[in-house]
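First comes the structure, then the notes that go with it.
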Amino acid sequence: MDRTTADYMGMLATVINALALRSTLDQMGIETRVQSAIDMRNVAEPFILGRAIRHLELGRIVIFAAGTGNPYFSTDTTAALRASEIRADVILKATKVDGVYDRDPKKHPDARRFDQLTFSEALAKRLQIMDSTAFSLCMDNKIPIVVFDMNNPTNIRDAVLGRKVGTLVCDELPTT
């Protein structure tokens, strides 16, 4: 299969996931909107920045789906782009590991996990937190990234509530 077709299939899968998440949040009484970068008005609003910001101002959750609508852009890049556009406070990156390590902890049991890093430290250590485009967008726009384990059932809630979870990557480390 060619890359373009595979990327569009992946974007469509994110719409399915967004609709499932919206349904769950709706059942919890949380007002939610899905915006899609690919036009499919019967199932999601089109991505319109001003409308997304207005939903957020009204206290609604906005789920961005279908990536950028273009092949060759990763989900990390899309997250960083949308976060930059809406001037998000932070990106919460749920992964299969509990933070950022100096090397792959699945292959190296002695890998060292970082509690926090600056963007500059992550670059100097050549840590693969996100693809380079996404990481650059976050660094340039000073959007912190919290990397945490998506398989721990309390982590998403804790991250949303600002509790310490995973690894914080930011412009300047907080002073305590």
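The values are calculated or read from the model by the stated rules, or taken from the named source; none is laboratory data. Values in this document were obtained by computation on a predicted structure and should not be read as measured data. Cβ placement follows ideal geometry from the backbone for every residue including glycine, while neighbour counts extend to all protein chains displayed.
Could you check the range 101-130 and list, in sequence order, the residues that are of a type outside the set (D, E, K, R), closer than 14 Å to Pro144 by Cα and over 15 Å from the mean Cα position of the chain (by Cα)? Within the range 101-130, Gln116, Leu117, Thr118, Phe119, Ser120, Ala122 qualify. Set side by side, the residues Phe148, Phe114 differ, and just one is out of contact with any Lys or Arg (no Cβ under 7 Å at 6 or more places or on another chain), farther than 30 Å from Ala52 by Cβ, at pLDDT 95 or above and surrounded by 15 or more Cβ atoms within 10 Å (Cβ to Cβ), which is Phe114. Within the range 126-139, the set of residues being surrounded by 14 or more Cβ atoms within 10 Å (Cβ to Cβ) and closer than 21 Å to Leu173 by Cβ comprises Leu127, Ile129, Met130, Ala134, Phe135, Ser136, Leu137, Cys138, Met139. Scan the range 43-58 for residues that are free of Cβ contacts under 8 Å to residues at least 12 places away in the same chain, surrounded by 11 or more Cβ atoms within 10 Å (Cβ to Cβ) and assigned to a helix (DSSP H, G or I) and the total you get is 1.
With respect to Thr77, determine if the residue is within 17 Å of the chain's Cα centre (by Cα) and surrounded by 11 or more Cβ atoms within 10 Å (Cβ to Cβ). Yes. Taken together, the residues in the range 66-99 that are under 17 Å from Asp158 (Cβ atoms) and in contact with a Lys or Arg (Cβ under 8 Å, 6 or more places away or on another chain) amount to 3. Checked against (1) out of contact with any strand residue (DSSP E or B) (no Cβ under 6 Å at 6 or more places or on another chain); (2) more than 23 Å from Asp149 (Cα to Cα); (3) assigned to a helix (DSSP H, G or I), Met40 passes all but a single condition, namely (3). Only one of the numbered conditions (1) assigned by TED's automatic domain parsing to the domain that holds Ser23; (2) in contact with a Ser or Thr (Cβ under 8 Å, 6 or more places away or on another chain); (3) without any contact (Cβ under 8 Å) to a residue 60 or more places away in the chain is not met by Leu81, and that is (1). A single entry from Ala94, Ala88, Ala37 fulfils the requirement of being under 22 Å from Gly166 (Cβ atoms) and touching a Phe, Trp or Tyr at 6+ places or on another chain (Cβ under 9 Å): Ala94. Within the range 1-30, can you find the residues that are charged (D, E, K, R) and over 20 Å from the mean Cα position of the chain (by Cα)? Listed by number, the residues that qualify are Asp2, Arg3, Asp26. Of all residues in the range 5-27, which are closer than 17 Å to Asp39 by Cα and surrounded by fewer than 14 Cβ atoms within 10 Å (Cβ to Cβ)? Of everything in the range 5-27, those that are closer than 17 Å to Asp39 by Cα and surrounded by fewer than 14 Cβ atoms within 10 Å (Cβ to Cβ) turn out to be Thr5, Met9, Ala13, Ile16, Asn17.
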